[in-house]
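So the structure is just underneath, and the comments pick up after that.
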Amino acid sequence: MVEMTEDRGRPLRRRLSRRGSHGPLMVTLCVLAAGALLAFVYIGYVLWPRWPGPPVGRDTPPLPIAVAGVTFNIPPAAIRVPVQRRPGAQDRVDLAFMWPSLEPPDPAAKPPPPAPGAGPIPAQAERIFVTIAGAGDNLSPADRVVNIYPRYAEAEATLGPGGLAVLAFRADTPYQGEDLIYDAAAPGFLVRCTRNGAGPTPGTCLYERRIEAADVVMRFPRDWLDDWQGVAAKIDQLIAGLRPAHEQ
């Protein structure tokens, strides 16, 4: 009788032992499920639409923002992305300024729609767009002129607006449909521009400047190059206004 009792108890002990072996696995699954739930809640919080914050006035003092360790004093009203309107270190900031005043856009002002046949928007209503980002491993603008652009550009430049030289990029290259436009007499002003009529939007120029470990890229209409000396002076003025006085 004793032997029979022990034999009957063995399957029960095996079942209890098997049930107990699932304990750590269940704990792990619960922890993973809780982590996934917290991640879902966080993503939902970040993406959930919120009421817009109070409008930023044009007279709000500039914010000290560091990009790649380079400090800029930036008017909050010029910052296009609301989440970037905070002081401190940031990976990049996206800005817009009225042209030619270089004032931050008035967030409360809404330009009237153009009347039929009224022609292009006047320069006073236009804007210059600025992006400041860390340079990282990117080549500097000067290095690209020497080491990159000559591989894809035509051999000869043509005469452009205001005496500028226009060097077209060849077709079937990464820069097809663009031109390199520069002052051949006194190198210092150089932009890369798309061509008018080459796409659905008017030609646009990119002006780039390396400031220590940060790249400043400005975007403006190609038509402005008719007064490129004025554009160059305004760009210098804008960059100087964004830098602390003791670092200029």
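Details
- Calculated SAXS-style log₁₀ I(q)/I(0) at q = 0.12, 0.15, 0.20, 0.28 Å⁻¹ - the range 164-219, Debye, Cα scatterers: -0.32, -0.49, -0.81, -1.13
- Among residues other than Gly230 with Cβ under 15 Å from its Cβ, the summed charge is -4 (Lys and Arg +1, Asp and Glu -1).
- Relative packing of 204-214, 147-157, which averages over residues the other C-beta atoms within 10 Å, highest first: 204-214, 147-157
- Length gained when the stretch Ala232-Ala245 is fully extended (0.36 nm per residue, less Cα-Cα span): 2.7 nm
- Percent of Cα pairs in the range 138-248 per distance bin of 10 Å, from zero to the largest separation: 13, 45, 34, 8, 1.
- Pairs of C-alpha atoms in the range 188-248 farther apart than 16 Å represent 49 percent of all such pairs.
- Other residues within the sphere of radius under 13 Å centred on the Cβ of Gly163, judged by their own Cβ, net out at -3 (K and R +1, D and E -1).
- Heavy-atom accessible area order for Thr60, Thr158, largest first, 1.4 Å probe: Thr158, Thr60
- By accessible area with a 1.4 Å probe, ligands and nucleic acids excluded, highest first: order of Met218, Met98, Met26: Met26, Met98, Met218
- The H on the amide N of Glu103, modeled in the peptide plane, is under 5 Å from the matching H of Met98, each at least 5 residues off or on a different chain.
- Stretch gain in nm, segment Arg92-Ala184, where the contour uses 0.36 nm per residue and the Cα spacing is subtracted: 29.9 nm
- Which of Asp94, Asp59 is most accessible, then next, and so on - probe 1.4 Å: Asp59, Asp94
- Taking Lys and Arg as +1 and Asp and Glu as -1, the other residues whose beta-carbon sits under 13 Å from that of Val81 total +2.
- Here the calculated FRET efficiency for Arg195 and Ala108, from their Cβ-Cβ distance with R0 = 30 Å, stands at 0.25, rounded to the nearest 0.05.
The values are calculated or read from the model by the stated rules, or taken from the named source; none is laboratory data. This is a predicted model, so every value here is computed, not measured. Using ideal geometry, Cβ is built from the backbone for each residue, glycine included, and neighbour counts are taken over all protein chains shown. Note: accessible area is taken over every heavy atom of the protein model, side chains too, but ligands, DNA and RNA are not part of it. Shrake-Rupley method; radii C 1.70, N 1.55, O 1.52, S 1.80 Å.
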